[in-house]
Amino acid sequence: MKRFLLLLLMAFTAGAVAQAEPEAEVKAAIDAFFEAFHDRDTTRIREMLAADMVLQSVGLSREGEVVLRKEAAGDFLASLAGIPDSVAIEERLLEYHIQVDGPMAHAWTPYAFYLRGGFSHCGVNSFHFVRMEGRWRLVSLIDTRRREGCETGGEG
């Protein structure tokens with residue numbers, strides 16, 4: 001009986017470890033994305049993207065209407081490359097909520113964004129990844145942006 005319980009415990013433990021590995025890989029992909037983002041390394045970021053990557057933001061117009069903006073990945077990379085090195089940018093991820101189903105993954109990451117060392121805005125990133133060619137590739141990223149009701153994850 002003890003052997004059976006030990007084998008059962010080992011099976012559950014192995015299953016939990018196997019489940020955690022893809023989640024850890026997705027978290028590492030997100031961390032690598034933001035490391036490259038903070039370094040303004042558009043070459044590294046481009047290598048992480050799927051060919052048809054979709055980039056969107058949800059925000060409010062001046063009139064308070066919900067606005068969905070779509071940006072081409074190339075335009076995003078060009079705007080990132082255009083930020084002078086003298087302008088500090090930092091996106092602090094406050095949590096990671098990652099779900100994986102085989103070759104597909106979703107991550108929900110609340111964040112606080114800082115520009116020139118001061119708090120700018122907050123929101124949530126929703127990442128969608130597909131595991132292709134042995135790597136997690138970003139296929140879509142949609143985020144929200146707001147200035148009120150924010151956790152800043154530190155000073156700010």
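The values are calculated or read from the model by the stated rules, or taken from the named source; none is laboratory data. The model shown is predicted, which means the values in this text are computed figures rather than measured ones. Cβ placement follows ideal geometry from the backbone for every residue including glycine, while neighbour counts extend to all protein chains displayed.
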Residue that is nearest to the chain's Cα centre (by Cα), among those in the range 138-152 that are crowded, with 17+ Cβ neighbours inside 10 Å and more than 17 Å from residue 69 (Cβ to Cβ)
138
Taking first residues from the range 58-76 that are without any contact (Cβ under 8 Å) to a residue 40 or more places away in the chain and within 24 Å of residue 40 (Cβ to Cβ) and second residues anywhere that are assigned to a strand (DSSP E or B) and among the hydroxyl-bearing types (Ser, Thr, Tyr), the pairs with Cβ under 7 Å that are 6 or more apart or on different chains are 69/57
crowded, with 16+ Cβ neighbours inside 10 Å, in a strand (DSSP E or B) and free of Cβ contacts under 8 Å to residues at least 40 places away in the same chain: does that describe residue 113?
yes
(1) loosely packed, with under 12 Cβ neighbours inside 10 Å; (2) within 13 Å of the chain's Cα centre (by Cα) all hold for residue 37 apart from (1)
Condition met for residue 54 (among the β-branched types (Val, Ile, Thr) and in contact with an Asp or Glu (Cβ under 8 Å, 6 or more places away or on another chain))
no
On the given criteria, is residue 29 in a helix (DSSP H, G or I), in contact with a strand residue (DSSP E or B) (Cβ under 9 Å, 6 or more places away or on another chain) and either of a type in the set (Gly, Ala, Ser) or at pLDDT 95 or above (or both)?
yes
Subset of the range 32-70 (residues that are charged (D, E, K, R), under 17 Å from residue 138 (Cβ atoms) and modelled with pLDDT under 95):
52
Expected output for the range 27-43 (first residue in contact (Cβ under 8 Å) with a residue 40 or more places away in the chain, partner crowded, with 18+ Cβ neighbours inside 10 Å and part of a helix (DSSP H, G or I), Cβ below 9 Å, 6+ apart or cross-chain) is 33/45; 37/45
Has the range 60-67 got any residue that is of a type outside the set (Ser, Thr, Tyr) and surrounded by 15 or more Cβ atoms within 10 Å (Cβ to Cβ)?
no
